[in-house]
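Structure record follows, encoded as structure tokens.
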Amino acid sequence: MLIDSHCHLDMKDFDKDRETVIERARRDGIGHMVSIGIDLKSSRFALALARKYDFIYATVGCHPHDADACSFRDLQELIALAGEQEVVAWGEIGLDYYRNYSGKENQRSIFQRQLELAHNAELPVIIHDRDAHEEVYAILEKMGKGERKGIIHCFSGDRELAEAFIALGYYISIPGTVTYKNAVQIKEVAATIPLDRMLVETDAPFLAPVPGRGKRNEPAFVVHTAREIAKLRDIPFETVAEQTTQNAGRIFGISL
């Protein structure tokens, strides 16, 4: 069994065949999926999916792309949603200095506010970090260390950064990019960090792994990521599947 720790099942890419995609994932051994909120609308959708399927869980949050539009009222509604039993984390939150769809100051402000809200709600956080490694690390370091701090989603840094986040209490989530031929840095991370601090994800519908690179990603494809990690570490696929599943259960509080 595998857990896709990060997918966006609410997105329009799945509007025509969402149920089929979910059924295919289950058929292919994906025991649980975590559908991620990136704004108020998607957070509500994720929660609705989690209420419909007992093997899907939801998160709530405001993505850095939407920081400019994230209002006080939005945050208050996210607080209410966060109290529902199907919600297992707060996120996707963080900083994105690559796209810069929202101003950097608003990104920082909304990020820090949501870290506080997640702490108050006793939920782990799911961190988006793109071209903002040093600042994201500095902000999280100020929040202190802990056992279930959260997840660095779709990790894109080097081994040293991964180890620094792990030391704070975060898990490193490996996406399908690890299967790409020239993705040397993420391959090294996947091969060397402690397996008990690793998760696997699709980020579906984005970043489909080989052999589906360039096509729509979906939760069933997380198996390709896990197989590549097993190959890089020279260990059985089953070992990767079992450990990353246990890790996801631990961080999200999911009974397996």
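Every read-out reported here was derived from the displayed coordinates using simple, explicitly stated rules and does not represent laboratory data. Worth saying up front: this structure is predicted, and the values here are computed from it rather than measured. All Cβ positions, even for glycine, are placed from backbone atoms using ideal geometry, and neighbour counts span all protein chains on display.
Put +1 on the Cβ of each Lys and Arg and -1 on the Cβ of each Asp and Glu in the chain; which of GLN107, GLY249, LEU207 then has its Cα farthest toward the positive end of the dipole?
Final value for the positive-end residue is LEU207.
For LYS104, which lysines qualify as cross-link partners when the Cα separation must be under 22 Å and same-chain residues fewer than eight apart are set aside?
LYS142
State to the nearest 20 debye the size of the charge dipole of region 158-239 about its Cα centre, where the only charges are +1 on K and R beta carbons and -1 on D and E beta carbons.
Its charge dipole is roughly 360 debye.
Quick one: order SER43, SER109 by neighbouring beta-carbon count within 10 Å, fewest to most.
The order, fewest Cβ neighbours first, is SER109, SER43.
How about the chain: what cysteines have no other cysteine beta carbon under 4.7 Å from their own?
CYS7, CYS154
Taking the beta-carbon count within 10 Å as an exposure proxy, list LYS145, LYS104 from fewest neighbours to most.
By the 10 Å Cβ count, ascending, the order reads LYS145, LYS104.
Treating the chain as a set of equal point scatterers at the Cα positions, no solvent, please give the Debye-formula log₁₀ I(q)/I(0) at q = 0.07, 0.11, 0.16, 0.17 Å⁻¹.
Log10 of I(q)/I(0), two decimals: -0.20, -0.52, -1.18, -1.36.
Structure shown: which of LYS16/LYS187; LYS16/LYS52; LYS16/LYS215; LYS12/LYS52 lie over 25 Å apart, alpha-carbon to alpha-carbon?
The answer is LYS16/LYS187.
How large is ³J(HN,Hα) for each residue in region 98-105, as worked out from phi by the Karplus curve 6.51 cos²θ - 1.76 cosθ + 1.60 (θ = phi - 60°), to whole Hz, x for Gly and Pro?
Going residue by residue, I get 8, 7, 6, 5, 10, x, 4, 5 Hz, with x marking Gly and Pro.
Mind checking the dipole of region 2-252: about its Cα centre, +1 per Lys or Arg Cβ, -1 per Asp or Glu Cβ, Debye to the nearest 20?
In debye, rounded to 20, region 2-252 gives about 400.
Quote to one decimal, in nm, the extra length available between ARG233 and PHE206 on full extension: 0.36 nm per residue of separation minus the C-alpha distance between them.
7.2 nm
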